[in-house]
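Everything on this sheet refers to the single structure shown next.
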Amino acid sequence: GLTLTVNNSAKVKTPAIMLMLDPKMQGEEAYRLSVSAKKVVISGRTSAGIFYGIQTLRKSLPIMNAANAEPIMLPAAEITDAPRFAYRGMMLDCSRHFFSVDFVKRYIDLLALHNMNVFHWHLTEDQGWRIEIKKYPRLTTVGSKRIEGDGSVYGGFYTQEQVRDIVKYASDRFVTVIPEIELPGHAMGAIASYPELTCFPHRRVYEVRNLWGVEQDVYCPGKETTFKFIQDVLDEVLPLFPSEYVHIGGDECPKIRWKECPDCQRRIKEEGLKNEEELQSYTIRRAQKMLAKHGKKLIGWDEILEGGLAPSATVMSWRGEDGGIKAANMGHDVIMTPGSGGLYIDHYQGDSKIEPVAICCYASLEKVYSYNPIPSAIAPDKRHHIKGAQANLWAEYLYTTDIMQYRAFPRVIALAAASWTPQDRKDY
Ligand code: ACM
Ligand code: ZN
């Protein structure tokens, strides 16, 4: 409710809120917030630091009613603050349910308010492909829609222009958008559009999946044409995202088709691979080379450890912490997002008899808040490989934006504390 005039000159009449870059300050995202009788000074070494100082000031203001605004009192204070981790992320699954551009922006606003700086955007799935690819129009004309059990059509996708708009909006709030383009599993959105991408294109009718759970039909890494498709898709996707990191999924890929596919078996033989796990890791390594061509680095779910980890890959540990511990001890960077740590915030946070239906399980606010992303099983000289933490908001049961916000909050705020505040400064 406040309207403040903006003054860019160095000479400012007090009272004022002053924003200042301070090159001598330690810490990329650190800030100092100083409140005295005449002025509020927010300083940071970077604009991001100043931005976080502004968020703290915003959160310390009372909720205001512009109609009968009382004078605002701020207690005198000197705050010096900096994040524990450089990566403070939230994933939103926009495939199982689709969220509008405006709603995604609202979500980014709320992340930024809580000093979160990564929006991991889950864009492709068995249940729908959500990003326009000009070279493969069926990905959106076919792959973005599913026929629900009652015969209705559910769908939606983001045009490349909308993606650019969201990425810019996020970047203006110091939020990096990391897209996730899933391979080699969770790919029915693509396969329903182009059945030749799977091992047995003529064996059944492929349709975008309308049940939750995982398809057994996945990309066929035995065929060169599959890699051509992935390359083409990445060639269009990567330039939309300034992020250095790109997520290629890698989780929950059933190997049952590969075991009987002559193309996959030939690939295994020709490449001297031991088994289907190594065929998965071969696929991930090829994806990594495609990313590298664009100067990008690969993030994958912890299954990318199976069959050998691609060099320099970053592991997102979701099946507990074991994958993250193993990867960090091998010298790989890690993002912690274990369900066991409460970071699957599609789970219930309260009484399951009262809350909107969730996929399963329980992740209380206190559990999220208490989560420490650095397990003691990581050798002290490897702990710097833990880049941060992320909560995942899978969307199977996010039937409305109200339910989505209910699941996200207040646990996002708890995650913000778990990824920003030093362990010994937390106090639930
Ligand atoms: C996952 O939850 N399948 C990463
Ligand atoms: Zn195959």
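The values are calculated or read from the model by the stated rules, or taken from the named source; none is laboratory data. Because the structure is a prediction, the values reported are computed rather than measured. With ideal geometry, Cβ positions are generated from the backbone for all residues, glycine too; neighbour counts draw on all protein chains shown. Areas reflect the complete protein model, heavy atoms only, side chains present, ligands, DNA and RNA absent. Shrake-Rupley method; radii C 1.70, N 1.55, O 1.52, S 1.80 Å.
The set of residues in region 183-197 being within 16 Å of ligand 1 (Cβ to nearest atom) and either of a type in the set (S, T, N, Q) or in a loop (DSSP other than H, G, I, E, B) (or both) consists of P184, G185, H186, A187. Restricting attention to region 198-241 and to residues that are among the polar types (S, T, N, Q) and assigned to a loop (DSSP other than H, G, I, E, B), the residue that is surrounded by the fewest Cβ atoms within 10 Å (Cβ to Cβ) turns out to be Q216. Taking the criterion of being on the phi > 0 side of the Ramachandran plot and touching a residue at least 24 places away in the same chain (Cβ under 8 Å), the only residue of region 119-154 that qualifies is G128. When you scan region 247-292, how many residues do you find that are within 16 Å of ligand 1 (Cβ to nearest atom) and buried (at least 21 other Cβ atoms within 10 Å of the Cβ)? Number satisfying all stated conditions: 7.
If you filter region 198-212 down to residues that are farther than 21 Å from E278 by Cβ and either among the basic types (K, R) or touching a residue at least 24 places away in the same chain (Cβ under 8 Å) (or both), you find that the one that is nearest to ligand 2 (Cβ to nearest atom) is F200.
How many of the residues in region 374-397 are of a type outside the set (K, R) and more than 21 Å from G249 (Cα to Cα)?
Within region 374-397, residues that are of a type outside the set (K, R) and more than 21 Å from G249 (Cα to Cα) number 9.
A count restricted to region 294-344 and to residues that are more than 27 Å from A363 (Cα to Cα), at pLDDT 95 or above and either outside any strand (DSSP E or B) or within 16 Å of ligand 2 (Cβ to nearest atom) (or both) stands at 8. Screening N392, N372 for residues that are assigned to a strand (DSSP E or B) and at pLDDT 95 or above leaves exactly one candidate, N392.
Cβ-Cβ below 6 Å, separation at least six or inter-chain, first residue in region 101-118 and over 13 Å from V412 (Cβ atoms) and touching a residue at least 12 places away in the same chain (Cβ under 8 Å), second open to solvent by 10 Å² or more (accessible area, probe 1.4 Å) and part of a helix (DSSP H, G or I): which pairs? Close Cβ pairs satisfying both conditions: V101/Q162; F103/T401; K105/Y169. Would it be correct to say that Y428 is more than 16 Å from ligand 1 (Cβ to nearest atom), among the aromatic types (F, W, Y) and part of a loop (DSSP other than H, G, I, E, B)? The answer is yes for Y428. Answer yes or no as to whether Y219 is within 12 Å of ligand 2 (Cβ to nearest atom), in contact with a Ser or Thr (Cβ under 9 Å, 6 or more places away or on another chain) and at negative phi. Yes. If you go through region 143-156 one residue at a time, do you hit one that is open to solvent by 10 Å² or more (accessible area, probe 1.4 Å), under 21 Å from K228 (Cβ atoms) and touching a helix residue (DSSP H, G or I) at 6+ places or on another chain (Cβ under 8 Å)? Within region 143-156, none of the residues are open to solvent by 10 Å² or more (accessible area, probe 1.4 Å), under 21 Å from K228 (Cβ atoms) and touching a helix residue (DSSP H, G or I) at 6+ places or on another chain (Cβ under 8 Å). Do the conditions hold for T56, that is, is it within 24 Å of L197 (Cβ to Cβ), open to solvent by less than 50 Å² (accessible area, probe 1.4 Å) and not in a strand (DSSP E or B)? Spelling it out, it is not the case that T56 is within 24 Å of L197 (Cβ to Cβ), open to solvent by less than 50 Å² (accessible area, probe 1.4 Å) and not in a strand (DSSP E or B).
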